[in-house]
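Working notes for the structure below.
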Amino acid sequence: MEKEPLLMLPGPVPMPERVRYAMMRQAINHRSAEFGAVYADSVRVLKTVFGTANDLFVISGSGTAGMEAAVANFGRDKEIACIVNGKFGERLYKISQRYGKAHEIASAWGTPVNLAALEEQLKAGAEIVTLVHNETSAGIKNPAPEIGKLAHKYDALFVMDGITSIGGDLVESDKWGVDIAIVGSQKCLAAPAGLAAISVSSRAWERLSKNPPYYLDLAAYRKSASGKQMETPYTPAVPLFLALREACLLIEEEGLANRIARHQKMSAAVRAAAQEWGLSLFPKLDAHHTYSATVTAVSYPDGIKDDEMRALIKKMGIVIAGGQDHLKGKIFRIGSMGAVGAPEILATLAATQYALKKLGYKTHGDGVQAAAEVLG
């Protein structure tokens, strides 16, 4: 019998059986108390995971829908400072160009963000700052607390894409001054793709656009969620909500602190393996930046072709990611997010080590052993 491939990507990730089974039941009325309880359960856990007491809503749409909701509801016709050091920072910048006057604060992918340039843009009148907290395209975690302080120093709203950090790494939205935070369901939450959750501060509500989008109108989401039972303004993806609730309950059962520690240990194991192989981690760090806790980006050594290596790994039933855009063929990325643990990490690293050697690269040491020492 053909087995399902093991997805060791920066999303989508393998879903626990309970999450999958939650989608298999008959449809329910999305205007019922039963659905309201499902929605409320999800929001209750998500507020803890976001580190927020702010309003929080779930949108039927991917993480990109959450990004667009943030910018379209609060950034229309405004000056927006967009921090870009990877693919998804670039996406927020492109969305911002459609709604406001966007200014790109650019650094090379995987290098530290330019805090001085951001401050200059804020001094010049930027009203909103956008940031990708965990930039999976490059495996770098950006300094959200420092950026939140700068945004609030100049009375700007802080929009943070936490799509690949919330639920897998420490996120303290309220403490960091995040006004709008976003997560995607198929990343660290280990739920199916197709939902985005977004939190909104009281400060942000005061600056809501007078011309919001229709489907992504967050005021409509707030109104629908504030009744006797929680609802969405338009028909939601009910099976995905059922799965999200189950994924949230699993987070609660594991304990958020335990879940964060597990993610940090898994990513440390992947980094230990790469270093033992003699390979370079792609991001360039400074005192404010760290390696991602949910994906590891590794530079290819000379002579190893991306398509050949990932094809060998895929033959063993494991899927890892390559680089995006101009990083195609230059890096490979191993996700360590969601519900996976030591067995999946060690299997992936064993397959990667085999592929490297098969393609002629002489590893400096045993990366699988190094990872096992971290995970043990």
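Bear in mind these aren't lab numbers, they're just calculated from the coordinates by the rules spelled out. Values in this document were obtained by computation on a predicted structure and should not be read as measured data. Please note: Cβ atoms are built from the backbone with ideal geometry, for glycine as well, and neighbour counts cover all protein chains shown.
Compare E231, E252, E308 in a GNM of the chain, Cα atoms joined below 10 Å, and give the one with the largest fluctuation. Sorting by GNM fluctuation, first place goes to E308.
Within the shell of other residues whose beta carbon sits under 13 angstrom from the beta carbon of K123, the net charge comes to -4, with Lys and Arg scored +1 and Asp and Glu -1. Only Lys, Arg, Asp and Glu carry charge here, each on its Cβ (+1 for the first two, -1 for the last two); on that basis segment 17-254 has a dipole of about 500 debye about its Cα centre. The charge dipole of segment 58-194, taken about the Cα centre with unit charges on the Cβ atoms of Lys, Arg (+1) and Asp, Glu (-1), comes to about 240 debye, rounded to the nearest 20. Taking label positions 7 Å along the Cα-Cβ direction at both E308 and L208, the computed distance is 5.8 nm, reported to one decimal.
Neighbour counting of Cβ atoms within 10 Å sorts the residues L359, L250, fewest neighbours leading, into L359, L250.
How high is the relative contact order of segment 17-254, in percent, counting Cα pairs under 8 Å that sit 6 or more residues apart?
Reported relative contact order: 29 percent.
With the charge dipole of the chain set up from +1 on Lys and Arg Cβ and -1 on Asp and Glu Cβ about the Cα centre, the Cα lying farthest toward the positive end among the listed residues I83, A321, V132 is that of A321.
Work out the FRET efficiency for N258 and R44 from their Cβ-Cβ distance, taking R0 = 22 Å, and round it to the nearest 0.05.
0.75
Choose one answer from H103, H326, H152: the residue with the largest mean-square fluctuation in a GNM of the chain with alpha-carbon springs under 10 Å. Residue with maximal mean-square fluctuation among H103, H326, H152: H326.
Which of A237, S224, Y154 sits closest to the plus end of the dipole of segment 154-281, meaning its Cα is farthest towards the positive end, when Lys and Arg get +1 and Asp and Glu get -1 on the C-beta? Comparing the listed Cα positions along the dipole, S224 ranks first. Listed by chain and number, the lysines whose C-alpha is less than 21 Å from the C-alpha of K265, apart from same-chain residues fewer than 8 away, are K141, K187, K284. Rounded to the nearest 20 debye, the dipole size of segment 117-258 about its Cα centre is 420 debye, using +1 on the Cβ of Lys and Arg and -1 on the Cβ of Asp and Glu. Working note: 222 nm ellipticity from helices only, DSSP H runs with n ≥ 4, each -39,500 (n - 2.57), summed and divided by the residues of the chain, gives -13000 deg cm²/dmol to the nearest 500. Taking label positions 7 Å along the Cα-Cβ direction at both K94 and S280, the computed distance is 2.8 nm, reported to one decimal. Helix 33-50 and the longest principal axis of the C-alpha atoms of the chain enclose an angle of approximately 60°. Tell me which of P212, H288, A274 sits at the most positive position along the dipole axis of segment 179-297, charges placed on C-beta atoms (Lys, Arg +1; Asp, Glu -1). Value: P212.
Order 194-203, 44-53 from most to least packed using the mean count of other Cβ atoms within 10 Å.
Listed from highest to lowest mean packing, they are 194-203, 44-53.
Total lysine pairs in segment 293-351 at Cα distances under 17 Å, for residues eight or more apart or on different chains: 4. In segment 248-376, the ratio of gyration radius to Kirkwood radius, Rg to Rh, stands at 0.97 when only Cα atoms are counted. Structure remark: mean-square fluctuation, Gaussian network model of the chain, C-alpha springs under 10 Å; the largest value among P233, P145, P213 belongs to P213.
Once both axes come from the Cα atoms, what is the angle between helix 87-99 and the longest principal axis of the chain, in degrees from 0 to 90, rounded to 10? Roughly 20 degrees, rounded to the nearest 10. Centre-to-centre separation between the Cα atoms of segment 169-221 and those of segment 37-102: 5 Å. All Cα-Cα distances of segment 9-151, cut into 5 Å bins from zero to the largest, leave 2, 8, 14, 18, 18, 14, 10, 8, 5, 2, 1 percent in each bin in turn.
If you average over every viewing direction, what projected area does the convex hull of the Cα atoms of segment 17-254 give, in nm²?
Seen from a random direction, the Cα hull of segment 17-254 projects 11.8 nm² on average.
As a proxy for reagent exposure, ranking M230, M8 by other Cβ atoms within 10 Å from fewest up yields M230, M8.
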